[in-house]
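The values are calculated or read from the model by the stated rules, or taken from the named source; none is laboratory data. None of the values given here were measured: they were computed from a predicted structure. Don't worry about glycine lacking a Cβ; one is built from the backbone with ideal geometry, like all the others, and counts go over all protein chains shown. All accessible areas refer to the heavy atoms of the entire protein, side chains included, with ligands and DNA or RNA removed. Shrake-Rupley method; radii C 1.70, N 1.55, O 1.52, S 1.80 Å.
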Amino acid sequence: MTRRISNFDAPDRFIAGTIGEPGHRAFFLQARQGGAIVSVAAEKTQVAVLAANLGALLDTLAERGVAGIPADAGDRLIDDEPLGEPLVEAFRIGAMTIGWDSASQMVVIQAAALTDVDDEDDETTSIIDAVLADDDAADGPDLIRVRLSPADIRQFVARAVRVIAGGRPLCPRCGQPLDPQGHICSRPTAYLN
């Protein structure tokens with residue numbers, strides 16, 4: 001099958017979002033530009049790492065004196081609207097990269113589809129090669145490429161942090177998520193004699 005590459009240069013919307021109840025949520029990254037909308041499935045940890053790394057990238061750029069890097073999302077309203085419809089999973093993310101395009105002063109996010117390769121080392125190499133490729137070759141896993149301004153990245157990070165925190169509350173003793181059906185704590189209360 002031919003590789004699908006979705007490019008979003010300054011999309012109208014790029015968000016992390018979920019469907020389902022806490023404890024059973026499915027995470028997505030979604031880009032919309034005009035009438036085009038692409039949703040890719042992600043793991044919660046992938047969204048968390050992406051948000052943390054994007055924030056760190058902007059902090060590093062600001063420390064190096066790059067102009068126009070906001071310290072936070074500022075007074076701009078955080079997009080709390082649900083994922084856009086239709087919600088059709090284009091692919092499940094296998095690998096992501098982020099980078100700074102100094103010519104356009106934009107952050108570039110690329111996410112490649114998870115592939116089914118038998119040899120794990122070959123899989124890792126092929127996914128990373130596909131994500132890092134700066135061309136639109138016909139071979140390789142499906143890819144989404146998004147270019148955003150630093151201000152839009154700060155908004156993405158603020159929303160992603162809120163989406164991640166919107167899960168189940170954590171047990172105050174062990175720090176694991178509390179399940180509504182019950183929780184067996186790995187750190188039981190100490191008994192006093």
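Values computed for the structure shown
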{"read-out": "Size of electric dipole in the chain: Cβ of Lys, Arg +1 and of Asp, Glu -1, about Cα centre, debye, nearest 20", "value": "1040 debye"}
{"read-out": "For the chain, average projected area of the Cα convex hull in nm²", "value": "15.8 nm²"}
{"read-out": "Solvent accessible area, Å² - I98, 1.4 Å probe, full protein context", "value": "60 Å²"}
{"read-out": "Under 5 Å, built H, 5+ apart or other chain: amide partners of F8", "value": "R145, V146, R147"}
{"read-out": "Computed over the chain: relative contact order in percent, which uses C-alpha pairs under 8 Å that are six or more apart", "value": "27 percent"}
{"read-out": "Axial C-alpha extent at least 27 Å, average Kyte-Doolittle at least -0.5 - helices from the chain (DSSP)", "value": "44-63"}
{"read-out": "Segment 134-173 versus segment 89-111: alpha-carbon centroid distance in Å", "value": "9 Å"}
{"read-out": "Net charge, D179 excluded, C-beta distance under 14 Å - Lys, Arg +1, Asp, Glu -1", "value": "+1"}
{"read-out": "Label zone at A138 (point 7 Å along Cα-to-Cβ), backbone N below 18 Å, segment 1-19", "value": "1-6"}
{"read-out": "Sites L178 and D72 - FRET efficiency at Förster radius 45 Å, r taken between beta-carbons, to 0.05", "value": "0.90"}
{"read-out": "Amide proton proximity set for Q33, modelled H, under 5 Å, gap of 5+", "value": "D12"}
